[in-house]
1. Find the residue count for the stretch 97-109, including only residues that are assigned to a loop (DSSP other than H, G, I, E, B) and surrounded by 13 or more Cβ atoms within 10 Å (Cβ to Cβ).
2. Which members of the stretch 82-93 meet the condition of being part of a helix (DSSP H, G or I) and of a type in the set (A, V, I, L, M)?
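Each value in this text was obtained by applying a stated rule to the coordinates, not by laboratory testing. Nothing here was measured: the structure is a model prediction, and the numbers come from that model. All Cβ positions, glycine included, derive from the backbone under ideal geometry; neighbour counts span all protein chains shown.
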Amino acid sequence: MAVAFKMSDLGLLHYYLGIEVRQGAGGISLSQGAYAVKLLEKSGMAGCNPSQVPMEARLKLSKESTASLVDATVYRCIIGSLRYLVNTRPELAFAIGYVNRFLEEPWEV
């Protein structure tokens, strides 16, 4: 018994796995603007001021601190979401990789 599959044209791709796709005569552009806004809201940073640079220059963080620990599960979730954001924002890769080092015991600092 043979099974026949029918293919249909679903039109242009607009949104896929959190990535917005815009197709035009000049080419295709990818964006994660809506994903980034949701991430800011989820992390409680929606009202914060924007910055031109993703990380303070010469920032030194230590794995040992006198500050209080934060919820590691929430921290890991935010870092994982940020790592997915690097798909369209490669300039964030170094800063996200740097804070990724502190997944085991994230401090408030």
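1. So in the stretch 97-109, the residues assigned to a loop (DSSP other than H, G, I, E, B) come out as 101-106, 108-109.
When the remaining residues are screened for being surrounded by 13 or more Cβ atoms within 10 Å (Cβ to Cβ), the result is 102, 106.
Total meeting the criteria: 2.
2. Of all residues in the stretch 82-93, those part of a helix (DSSP H, G or I) come to 82-85, 90-93.
Across the stretch 82-93, the qualifying residues are L82, L85, L92, A93.
Here's the yes/no breakdown for (1) of a type in the set (A, V, I, L, M); (2) part of a loop (DSSP other than H, G, I, E, B); (3) touching a residue at least 60 places away in the same chain (Cβ under 8 Å); (4) surrounded by fewer than 14 Cβ atoms within 10 Å (Cβ to Cβ):
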| residue | (1), (2), (3), (4) |
| --- | --- |
| P50 | no, yes, no, yes |
| E64 | no, yes, no, yes |
| A67 | yes, yes, no, yes |
| T73 | no, no, no, yes |
| G80 | no, no, no, yes |
| A95 | yes, no, no, no |
